[in-house]
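The values are calculated or read from the model by the stated rules, or taken from the named source; none is laboratory data. Keep in mind that what you see is a predicted model, and the values were worked out from it rather than measured. Positions of Cβ are backbone-derived with ideal geometry, glycine not excepted, and every protein chain shown enters the neighbour counts.
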Amino acid sequence: MNEMEYGKAFTYPQQDEKWLVKWLIMSFAPLIPVVGGFLTLGYSVEIARRVIKDETPTLPEWSDFGDFLKKGFMAFVVALVYVLPILIVAVCSALPQVALTSMDDGSGTMATIGGIIGACFGCLAAILGIAVGLLLPAALGKFAVSGEIGPALRVGEVFALVRAKPAVFLIVLLISSFAASILSSVGAILCGVGAFAGAGYAQLATAHLWGQAYRVASTETGAA
């Protein structure tokens with residue numbers, strides 16, 4: 001399949017006989033101290049890999065925690081590298097504000113200047129955030145396929161994937177964001193712990209969208 005199937009990202013889990021158990025583990029694994037987030041990220045990467053390779057079942061068994069933990073940590077490193085510019089901008093935004101505010105003579109001039117500088121850096125951080133949101137699925141797709149961090153950090157190749165199908169990656173970013181927000185909110189309303197279940201299902205859908213986006217873009221660029 002060389003076209004996106006956005007709806008399938010939300011229906012495919014139910015095609016698995018054990019989907020309920022796999023979903024619940026995905027939902028509550030993040031509560032495990034320290035390693036929980038790595039486990040779910042590694043599981044998401046494996047889902048993306050299976051979508052890219054068109055392997056079944058799409059939902060892996062929760063049997064190889066060590067492999068998920070390893071993949072999750074490596075994917076975290078990839079994500080951290082891409083997010084690093086935003087962190088640097090955030091620091092550059094905070095330092096002038098703190099310094100100028102401390103120098104204020106009571107007139108508020110320095111604080112105002114600091115606020116303006118902070119707003120400028122905030123706009124830059126927002127732009128970078130959107131860019132990272134577009135690039136990261138492509139980078140994680142390259143990591144999922146190769147199993148190595150290096151290919152995911154080849155920014156030129158990652159950018160080429162996004163440039164091949166920018167609308168696809170933008171829609172994936174929007175759907176993933178809205179799904180996480182809406183499903184978590186609905187789950188919280190229906191049941192207190194339902195927020196975790198909603199977030200878990202949203203992550204299953206997001207992982208599928210990552211795989212689809214990479215597969216479509218890599219086919220377009222001839223890098224499949």
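For the range 72-93, does any single residue satisfy the condition of being among the aliphatic types (A, V, I, L, M), more than 27 Å from Phe159 (Cβ to Cβ) and modelled with pLDDT of 95 or more?
We begin by selecting, within the range 72-93, every residue among the aliphatic types (A, V, I, L, M); these are 74-75, 77-81, 83-84, 86-91.
Now restrict to residues that are more than 27 Å from Phe159 (Cβ to Cβ): none.
Looking for residues that are among the aliphatic types (A, V, I, L, M), more than 27 Å from Phe159 (Cβ to Cβ) and modelled with pLDDT of 95 or more, one finds none in the range 72-93, hence no.
Out of curiosity, is Val45 of a type outside the set (Asp, Glu) and in a helix (DSSP H, G or I)? Walk me through it before giving the result.
Values: of a type outside the set (Asp, Glu): yes; in a helix (DSSP H, G or I): yes.
In short, yes.
Contact list please: Cβ distance under 7 Å, first residue in the range 148-159 and β-branched (Val, Ile, Thr), second residue exposed (fewer than 15 other Cβ atoms within 10 Å of the Cβ), pairs at least six apart or on different chains.
Ile149/Val77
Look at the range 176-203 and say how many of its residues are touching a Ser or Thr at 6+ places or on another chain (Cβ under 8 Å), within 23 Å of Thr58 (Cα to Cα) and of a type outside the set (S, T, N, Q).
Our first condition is that a residue be touching a Ser or Thr at 6+ places or on another chain (Cβ under 8 Å); within the range 176-203, this holds for 176, 179-180, 195-203.
In the following step, the residues that additionally are within 23 Å of Thr58 (Cα to Cα) were identified as 176, 179-180, 196-203.
So of that shortlist, the ones also of a type outside the set (S, T, N, Q) come out as 179-180, 196-202.
Here the count works out to 9.
Pick from the range 102-114 the residues that are surrounded by fewer than 15 Cβ atoms within 10 Å (Cβ to Cβ) and not acidic (Asp, Glu): which of them is modelled with the highest pLDDT?
If we filter the range 102-114 for residues that are surrounded by fewer than 15 Cβ atoms within 10 Å (Cβ to Cβ), which is where we start, we get 102-109, 112.
Next, from what is left, pick out any that are not acidic (Asp, Glu): 102-103, 106-109, 112.
Working: Ser102: 65, Met103: 67, Gly106: 60, Ser107: 58, Gly108: 62, Thr109: 69, Thr112: 75.
Checked the range 102-114; the qualifying residue modelled with the highest pLDDT is Thr112.
Report yes if some residue within the range 26-39 is of a type in the set (Phe, Trp, Tyr), closer than 13 Å to Phe68 by Cα and modelled with pLDDT of 95 or more; otherwise report no.
Let us first name the residues in the range 26-39 that are of a type in the set (Phe, Trp, Tyr), namely 28, 38.
Okay, now just the ones that are also closer than 13 Å to Phe68 by Cα, so 38.
Then keep just the ones that are modelled with pLDDT of 95 or more; that gives 38.
Yes, the range 26-39 has at least one match.
Considering only residues that are among the β-branched types (Val, Ile, Thr) and part of a helix (DSSP H, G or I), look in the range 1-42 and name the one that is farthest from the chain's Cα centre (by Cα). Steps first, please.
Quick first cut of the range 1-42, residues among the β-branched types (Val, Ile, Thr) only: 11, 21, 25, 32, 34-35, 40.
Filter once more, so that each one left must be part of a helix (DSSP H, G or I): 11, 21, 25, 40.
Details: Thr11: 20, Val21: 23, Ile25: 19, Thr40: 12 Å.
The qualifying residue farthest from the chain's Cα centre (by Cα) is Val21.
Buried (at least 24 other Cβ atoms within 10 Å of the Cβ), of a type in the set (Gly, Ala, Ser) and under 24 Å from Lys70 (Cβ atoms): is that true of Ala217 in this structure? Let's see the steps before the verdict.
Working: buried (at least 24 other Cβ atoms within 10 Å of the Cβ): yes; of a type in the set (Gly, Ala, Ser): yes; under 24 Å from Lys70 (Cβ atoms): no.
The answer is no for Ala217.
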